[in-house]
């Protein structure tokens, strides 16, 4: 019976009890049940569950031969190439900690995270969309090609040749035998597998604790310097299972996405969630609406992962009607709010019946709340849903919910009464251990099992979360506290305004002055005077911004997952108003 209730019941019966597993154990278990089913689908390559397991074993034995041991960090600079998944599984199989990095980092950022994570091995693609990662490494770790860099922790580099790059020189796919752990020249991913063949079975008897540290995931940097969030194998899997259960995944679900797998969104909601129903993922290297639609039609995807800007681009794509989207039934569009008209168009123009959004953060192990496919579009547009149902993977005292929320006074940290607006505080079995190498930041964020989110909101009586802003976004102008979310919601209701971003910048007279960045709708005629008049007519005087600045959507500084980086908007505002 293909109903949401029937699918949820089937999934719950498939997993009658929860057993913490390391990532590779979970993949092995899926392969035992779905060996010949496709797991990774791309235009060039299809990998079955069995093939992912076999490839990951060769790569894991190769990592062991490079000297990787349980607890070591293995950094990965990898877009959504099909190799990402067997490499990620291989890191788990050797008992190491995966450190997937943002592949858009520039030299200074890359230098920081490589040193801060103290990685032993780096697996990197040769480049990505004009970025030359190997040239950046030449600056960060001179001598890395010969295995003799100035980064003490880094012993080996493994390269995935992509695009126009050709192996040669000191990087080869065929390597000379070397003693396990012996430093040597950089090799390719193919060379790593060959090295594993020479040490076949080296990791076969390793046992990895599923509750141990599995990933160090660096925050996307919407507020400045990234921090390495420490997450267990078990945490991300519980979150993924909860997504499959909450959304009512059918057997064999196919999920298409271009969101990067180094981020929780792509990793948990795509790769890991599909595991629990023997599904497949269709990872794409970057977002383009035509490529996205072609992928849905070509691989018969029935689910897509997006952020709202992607969703709107798909809806507005002139070539949309050329593609057969008959297989598509579901969408998860999160990471930012979207007005109800977006969801109405998704329903009416794409014909999707399962429309959900959600909320979470890396520190919480991924998305902890989600609307349900059966929820009204009003709930999807005004809330980020209820805490996910996790069943046997959830909190027993909370009826199987994945997590619990409460609110705190953002200034004093005092716990507020139920339903009160404040800073969201979360606890559950998916939250982080802390920040790698940052005890002070860990102490500030984690208290007695609760993790402070930095987001402002409230839990409604119906259990749905409403987000009202970021505590870090709050600013004081003339001694009065201003909440940017209130200004942004007011302005986006004004005809002609597509997006609005309010923030504070230093000001000698006011302490902080309010600035609002406006993205006009195409063809709209907007003026600073009109916008300020609208604010003055609807807001207390101290909340009215002092400055109005205009930009296009393309000019907004965003992370790869679509989040606007307000700290960069603040820097630009200061520079423009100087």
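Bear in mind that the values in this text are calculations on the coordinates, not laboratory data. All values derive from a computational prediction rather than experimental measurement. Note that each Cβ is placed from the backbone with ideal geometry, even for glycine, and that neighbours are counted across all protein chains shown.
Using the basic label-point model (7 angstrom from Cα toward the beta carbon), what is the residue 529 to residue 555 distance in nanometres?
Calculated label separation equals 2.1 nm.
Which FRET efficiency value, to the nearest 0.05, do you get for residue 106 and residue 421 by plugging their Cβ-Cβ distance into 1/(1 + (r/R0)^6) with R0 = 41 Å?
FRET efficiency, residue 106 to residue 421: 0.60.
Output the 0 to 90 degree angle, nearest 10, between the alpha-carbon long axis of helix 189-198 and the longest principal axis computed from the alpha carbons of the chain.
On a 0 to 90 degree scale, this one is about 40.
Measure nothing but the geometry: give the 0 to 90° angle between the long axis through the Cα atoms of 107-117 and the longest principal axis through the Cα atoms of the chain, rounded to 10°.
Its long axis makes an angle of about 70 degrees.
Pairs of alpha-carbon atoms within less than 8 angstrom and 6+ residues apart define the contacts here; what relative contact order does the range 279-438 have, in percent?
Across the range 279-438, relative contact order equals 14 percent.
Beta carbons within 10 angstrom, averaged per residue: use that to sort the peptides 10-22, 242-254, 386-398, 190-202, highest first.
242-254, 386-398, 190-202, 10-22
Using Cα-only point scatterers and the Debye equation, what is log10 of I(q)/I(0) for the range 1-96 at each q in 0.12, 0.15, 0.19, 0.23 Å⁻¹, rounded to two decimals?
-0.48, -0.70, -0.97, -1.17
Please work out whether the range 221-310 counts as rounded, prolate or oblate from its C-alpha gyration tensor, where a ≥ b ≥ c are the square roots of the eigenvalues and a/c under 1.5 means rounded, while otherwise a/b larger than b/c means prolate and anything else oblate? Let's see the in-between values first.
Values: a/c = 2.38, a/b = 1.16, b/c = 2.05.
Verdict is oblate for the range 221-310.
Could you tell me whether the range 49-208 comes out rounded, prolate or oblate from its Cα gyration tensor? Rule is a ≥ b ≥ c as square roots of the eigenvalues, rounded for a/c under 1.5, then prolate if a/b exceeds b/c, otherwise oblate.
Verdict is rounded for the range 49-208.
Could you work out how far apart the two model spin labels at residue 412 and residue 521 are, taking each label as a point 7 Å from the Cα in the direction of the beta carbon, and quote it in nm?
Computed distance between label sites residue 412 and residue 521 equals 4.4 nm.
So if we plug the beta-carbon distance of residue 43 and residue 468 into 1/(1 + (r/R0)^6) with R0 = 45 Å, what FRET efficiency do we get, rounded to 0.05? Mind showing how you got there, number by number?
Numbers: r = 43 Å, r/R0 = 0.94.
Efficiency, rounded to the nearest 0.05: 0.60.
May I ask you to derive the relative contact order of the chain, considering only C-alpha pairs under 8 Å and at least 6 residues apart, and to give it as an integer percent?
Values: 1244 pairs, mean separation 62.7, N = 578.
Contact order relative to length: 11 percent.
Quick one: angle between helix 84-93 and the longest Cα principal axis of the chain, in degrees between 0 and 90, rounded to 10, please.
70 degrees
Give the relative contact order (percent, whole number) for the range 335-385; include only Cα pairs under 8 Å separated by 6+ residues.
It comes to 38 percent, rounded to a whole number.
Suppose each label sits 7 Å from its Cα in the direction of the beta carbon; what would the residue 476-residue 9 distance come out to in nanometres?
With each label placed 7 Å out from Cα toward Cβ, I get 5.8 nm.
Would you mind calculating the gained length between residue 17 and residue 395 on full extension (0.36 nm times residue separation, minus the Cα-Cα distance), in nm to one decimal?
Working: separation 378, 0.36 × 378 = 136.08 nm, distance 1.28 nm.
Contour length minus the Cα-Cα distance gives 134.8 nm.
Taking 25 Å as R0, compute the FRET efficiency from the Cβ-Cβ separation of residue 448 and residue 489 and round it to 0.05.
0.15
At 0.36 nm per residue, minus the direct Cα-Cα distance, what do residue 2 and residue 564 gain on full extension? Give it in nm, one decimal, please.
Extra length available between residue 2 and residue 564 comes to 198.5 nm.
Residue separation times 0.36 nm, minus the C-alpha to C-alpha distance between residue 197 and residue 29: what's the value?
Difference between extended and current length: 58.2 nm.
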